[in-house]
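Pasting a structure below so you can have a look.
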Amino acid sequence: MNIFILASLPDSLTRFRGKLLLSLIKNCAQVHVSAPDLSKDTATTLAMKQAGIYCHDIAMTRTGVHPAQDIFTLFTLIQLLHRVKPTHFLAYTIKPVVYGIALITGQGYAFNNQAHAHFSVIPHIMRWIYKIALTHATCVIFQNPDDQALFIQRGLVQHAV
C-alpha cells in the first residue's frame, strides 16, 4: 500500500497523527505526508524522515476563501498525487478534506455564525464546500459523535464512520 496524508499544519502530523503514521509505517509499504511549508518545520520533517515517511510541501492557504490560490493548490496536489500514485488518501481539517477521504476533527469556524458576524455568508459557503466535497468522499470519519450528528442533520453526509 501507498498512503498519502494531507494536512493543513505541519506539526499536526506529529502532534495529532503521530501514532497513526507510525502504525501505518509498520503495516504499509510507503507513507507520504504533505502540508504547507512542511520543509520549513525542520522538527516535524526530521521526525517524519527518521520514521521512514516521505515529506512533500504543498502550496495551500490554511484559512479563508481564495479561489485562485485554492485552484492552484488543487492542480499542485493532482500533480503530486500523479507522481506518488497513492492507493489511499487521507485528509483532515477543512481545506484538505475537500480533496479526499474526510477525517472531521471538529466543526470548525464553518458552523460558527458568531465568528463571522461581520460577513455571515462565509459559514454558508464553507458548508456548501463541505457538502460538495463530502458527496464525493469514499469515507467520512468523525472523531466526535456530536459532529457526526450535526453533519447528518444538515445533510452534509448521509452516513459516516
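Please list, in order along the range 30-38, the HN-Hα scalar couplings obtained from phi with the Karplus expression 6.51 cos²θ - 1.76 cosθ + 1.60 (θ = phi - 60°), rounded to whole Hz, x for Gly and Pro.
Once rounded to whole Hz, the list reads 9, 10, 10, 10, 9, 7, x, 6, 4.
Right, here's the next one. Once amide H atoms are built 1.01 Å from N in the peptide plane, which residues 5 or more positions from THR93, or in another chain, come under 5 Å H to H?
LEU103, THR105
Considering only DSSP states other than H, G, I, E and B, which trypsin sites (Lys or Arg not before Pro) in the range 1-73 qualify as loop sites with at most 16 other Cβ atoms within 10 Å?
Details: sites: ARG15, ARG17, LYS19, LYS26, LYS40, LYS49, ARG62; in loops: ARG17, ARG62.
Sparse-neighbourhood loop trypsin sites (Lys or Arg not before Pro): ARG62.
Between LYS49 and HIS66, what is 0.36 nm times their sequence separation minus the Cα-Cα distance? Round to one decimal in nm. If you can, show how the numbers build up before the last one.
Numbers: separation 17, 0.36 × 17 = 6.12 nm, distance 3.15 nm.
Going from the current span to full extension adds 3.0 nm.
Sort ILE132, ILE141, ILE5 so the one with the fewest other Cβ atoms within 10 Å of its own Cβ comes first. Present the calculation step by step, with values, prior to reporting the outcome.
Numbers: ILE132 11, ILE141 15, ILE5 25.
Taking fewest neighbouring Cβ atoms as first place, the list is ILE132, ILE141, ILE5.
Let me ask something additional. Taking the number of other C-beta atoms within 10 Å as the exposure measure, put ILE94, ILE25 in order starting with the fewest.
Result, fewest neighbours first: ILE25, ILE94.
What distance in nm separates the two pseudo spin-label positions at ASP37 and ASN144, each 7 Å out from Cα along the beta-carbon direction?
Between ASP37 and ASN144, the label points sit 2.6 nm apart.
Taking amide H atoms as placed 1.01 Å from N in the peptide plane, list the residues 5 or more away in sequence, or in a different chain, whose amide H sits under 5 Å from that of ALA51.
Close amide H contacts, sequence-distant or interchain: none at all.
So, R0 is 45 Å and r is the distance between the beta-carbons of MET1 and HIS124; what FRET efficiency does that work out to, to 0.05?
Working: r = 38 Å, r/R0 = 0.84.
So, using R0 = 45 Å, E works out to roughly 0.75.
For LYS131 and THR76 in the same chain, what is the full-extension length gain: residue separation times 0.36 nm, less their Cα-Cα distance, in nm? Each step should come with its number before you reach the end.
Details: separation 55, 0.36 × 55 = 19.80 nm, distance 2.27 nm.
Stretched fully, the LYS131-THR76 segment lengthens by 17.5 nm.
Now for a different question. In whole Hz, with x marking every Gly and Pro, tabulate ³J(HN,Hα) for the range 80-85 from phi via Karplus 6.51 cos²θ - 1.76 cosθ + 1.60, θ = phi - 60°.
Listing the rounded values in order: 5, 5, 5, 6, 6, 6 Hz.
A short reminder: the numbers here are calculations on the coordinates, not readings from a lab. Just so you know, these numbers come straight off a predicted model, no measurement behind them. Every residue, glycine as well, gets a Cβ built from its backbone with ideal geometry; the counts of neighbours run over all protein chains shown.
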